[in-house]
1. Give a residue-ordered list of calculated ³J(HN,Hα) values for the range A:214-227 (Karplus: 6.51 cos²θ - 1.76 cosθ + 1.60, θ = phi - 60°; whole Hz; x for Gly, Pro).
2. Semi-axes, largest first, in whole Å: what does sqrt of 5 times each Cα gyration tensor eigenvalue give for the range A:51-144?
3. Amide H neighbours of A:I493 under 5 Å, counting only residues 5+ apart in sequence or on other chains, H built in-plane at 1.01 Å?
4. Give the ranking of A:K2, A:K300 by solvent-accessible surface, highest area first, calculated with a 1.4 Å probe.
5. Rank-order A:119-130, B:274-285, B:312-323 by packing density, defined as the average count of other C-beta atoms within 10 Å over each peptide's residues, highest first.
6. Using +1 at the Cβ of each Lys and Arg and -1 at the Cβ of each Asp and Glu in the range A:411-535, identify which of A:G429, A:A450, A:A522 lies farthest towards the dipole's positive end.
7. Order A:V358, B:V197 by their accessible area, 1.4 angstrom probe, all chains in place, largest first.
8. Which whole number of Å³ per residue matches the convex hull of the alpha-carbon atoms in the range A:435-482?
Amino acid sequence: MKRFTELYHELDATTRTTLKVEALERYFREAPPADAVWALWFLSGRRAKRAVNTTLLRSWVAEETGLPLWMVEACYAEVGDLAETLALLLPRAEGGTELPLREVAAERVLALRDLEDEEKRNVVVDSWNRFGTRERLVWHKLITGGFRVGAGRKLVTRALARAAELPPAVVAHRITGQWDPTPDSWERIVRPEDAEGSAARPYPFLLAHPLNDGPDELGALEDWQVEWKWDGIRAQLLHRGGEFLLWSRGEELVTHQFPELQELAPVLPDGLVLDGEVLAWRDGEPLPFGALQRRLGRKKVGETLRTEVPVVFQAYDVLERDGEDLRSRPQAERRALLEEVVEVVSSTPLAPPNLLKVSPRVEASGWAALGALREGARDRGVEGFMLKRRDGEYAVGRPRGLWWKWKVDPLELDAVLIYAQQGHGRRAGLYTDYTFGVWRGEELVPVAKAYTGLTDKQIRTLDRWIRRNTRERFGPVRSVEPEQVFQLAFDGIRTSSRHKSGVALRFPRMARWRQEKAASEATTLEEVEALLARYGDGD
Amino acid sequence: MSDLVQVAEDGLYCPAGDFHIDPWRGVERAVVTHAHADHARWGSEHYLASASGEAILRERLGDISLETLDWAETRRIGEVIVSLHPAGHVRGSAQVRLERDGEVWVVTGDYKVHPDPVAEAFEVVRCHTLVSECTFGLPVYRWPEPEGVYQAIDDWWRENREAGRTSVLFAYALGKAQHVLAAVDASAGPLLAHGAVQKMNEAHRRAGVELPETRYADTEAAKETRGEALVIAPPSSGGRPGWMKKFGRPSTAFASGWMRVRGRRRRRSADRGFVLSDHADWDGILQVVRESGAERVGLTHGKTEPMVRWLRENGWDAWSLPTRYEGEADVDEGAVDEEVEAPEGTEAPGS
Ligand SMILES: [Zn+2]
């Protein structure tokens, strides 16, 4: 419990991602497996449901401290956090318990649920007597189900991957789904990578560079494979050893968010990896990203939603066929193989129709003609072109010169929500005015305020999230956990001494809520400055 | 017979002696408990204050008509016998004892009962009616032993030196800064002070307080002591990137009673928060109420309602006195007792 308490306070004390990951990694390396697995269980968002009623808890604190209940409430109003209030009110205890986390978790957290109130009280009071002040705070968080440390699943995955010396995707796969907090589970999660582990892994995604200067330097158009740049969720579709997996670019498993795509599994050949885009699709056309967004971040996708927002997998590359890694083959060859694979799948009897497509190639007589086509990209529901070198391999990371994205409107950036303020009029009582930040080193600096672009439903969802994830309050303004990423569109950019970031955006608006993106993937101030250098209005 | 102390338009007023205590505006006669800006205001004709705090008060208010009293020395004003007694808040801070026809009132001003190497130790003064400050009048505010906090500050400073980072500790320029300076292990490395702190250090030295040597934290000093120094600066300087820049990437910390609560600690966005207060905590206030023997207790400063209700439920005749301090234009930064203002919205989000 001591070590876990220290971990909690370390995570709580910093907003720096790297420090959080370091603290987690250290913990996972040092803690005994039987404890570490419990820590992982709590950190990955599992909780003891209704272990103890907080009203009872308050009255027990009042009885134990001799303070009237109204005083407990007054203190709660001052502190704003029940677990902390109760810990501060109990008599100070500097020391701590020798009880390991596994015992505390099993006997003093999960077990509470099945006890009668009077028995619960005995366990609670006994725990207070054993625990130090700092431990009580953490334990209160565990028993009230309010355990949050500002370290999302992604950070936990990254830290555990480092500690276990495993690729993050393997860890992400292993901690997904149901498992019990037992040493066996821990062994299964951290064991060295084996065939099963590799089978679950996607390849590192090849990422495109923005083509800011136009295609003049790219040489002949014949050297390039041109596709539309789709506005969906980049994903790799894996079918290996009979298992169907869909990985997003953030190395998150999204298989269960798109259950209909799993219907492809029986007709896919084994040992296949496709790279492509999940798109919301109806009547031969992509739906706006906003539609697809409704499918994201849900535990379960209902039938209604599936009907309203049907999805397809639009493949544009094949990375593995019959278990063979094709990534060193030239783009043109992979393209031919891809068309072949999809053709075979689609012509299989019983193949579910309209689930797997190939991103069509765009033909044009030359760059000028292509440029003209690009003007109409918005009307097609795409963002521009992808230009892929026909003789290029599928390299790792973001090498220059292989893939270019030639977007219609470059004036966009991905920013992290950092402050929210309540709106007025129709939006009174809802958090509708947002401040967004971009990364300067490890710090988020405010870059824009935006009020428009979200649907009413999104606003309500975000409002609830904001209330649950408030870090601090400044009068009507709340600062929130830096987790939500939004794509901001804007009409212009200029330098500004009034803004901490040094830039001001013209008419910023929320183009989309990028729930699939992690905050760490948001735009950096350097990138913003590059936009400024290129598109700046002057001041 | 009327109350010895009442709340008048300009603050606490003693009609029987026709003087104010810590008035909010200039008045004819002001008894001043200590030099913090919410207690010592400009513009009064005559001031009465403790001899021990004279140098600091003059540093703040300059050329004033000031009469001083030694501890427990009495002065008759009108029908009232007035004397001053150490409050332990900052150097020279006083409680005001008033006596008329055997009836005794004590106005504590700001005070603390925890020991402090710079301020004179708090003295319990028996009275019938106590007017006490109540800045931290909730049972969640209970201070750790200061020795442990000093040790934690030393440890933090050492860790920073080992990591080659300058340490910047935010502490109120008058009181907390000197408290910290006198408490840390000054032999461990160079000590730097922000201008506002340096000014107050000098005033303390003039008052006979021994403080370790501090160097004015200009760019040159910052450069020469990079990675080594402990810098003491008022909290407001943390929000000034221009001032902070010279220390490279320092580790920052904040020393205040508010650091007891995580939410407030976060709001300060310093790397560390040390729970170190110059005000009485919940236990301290109750201790003073009990030991003073007072039957009536007036409470001022802070959220007074819970303390008033608790005292009433436990047999005291308690009431709340309005506090009307608002920061005004003539407040110089070095003198503000920022701890009396809950740090709400100190760092509004940048736009
Ligand atoms: Zn004060």
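1. The phi angles translate into x, x, 4, 8, 8, x, 6, 4, 4, 7, 10, 9, 10, 9 Hz.
2. Semi-axis lengths for the range A:51-144 are 20, 15, 11 Å.
3. The list, which skips near neighbours in sequence, is A:R506, A:D537.
4. These residues rank, largest area first, as A:K300, A:K2.
5. Top to bottom by mean Cβ count within 10 Å: B:274-285, A:119-130, B:312-323.
6. A:G429
7. Putting A:V358, B:V197 in descending order of accessible area: A:V358, B:V197.
8. Taking only Cα atoms, the range A:435-482 has a hull volume of 90 Å³ per residue.
The values are calculated or read from the model by the stated rules, or taken from the named source; none is laboratory data. No experiment lies behind these values; they were computed from the predicted model shown. All Cβ positions, glycine included, derive from the backbone under ideal geometry; neighbour counts span all protein chains shown. Remember, those area values only see protein heavy atoms, side chains included, never the ligands or the DNA or RNA. Shrake-Rupley method; radii C 1.70, N 1.55, O 1.52, S 1.80 Å.
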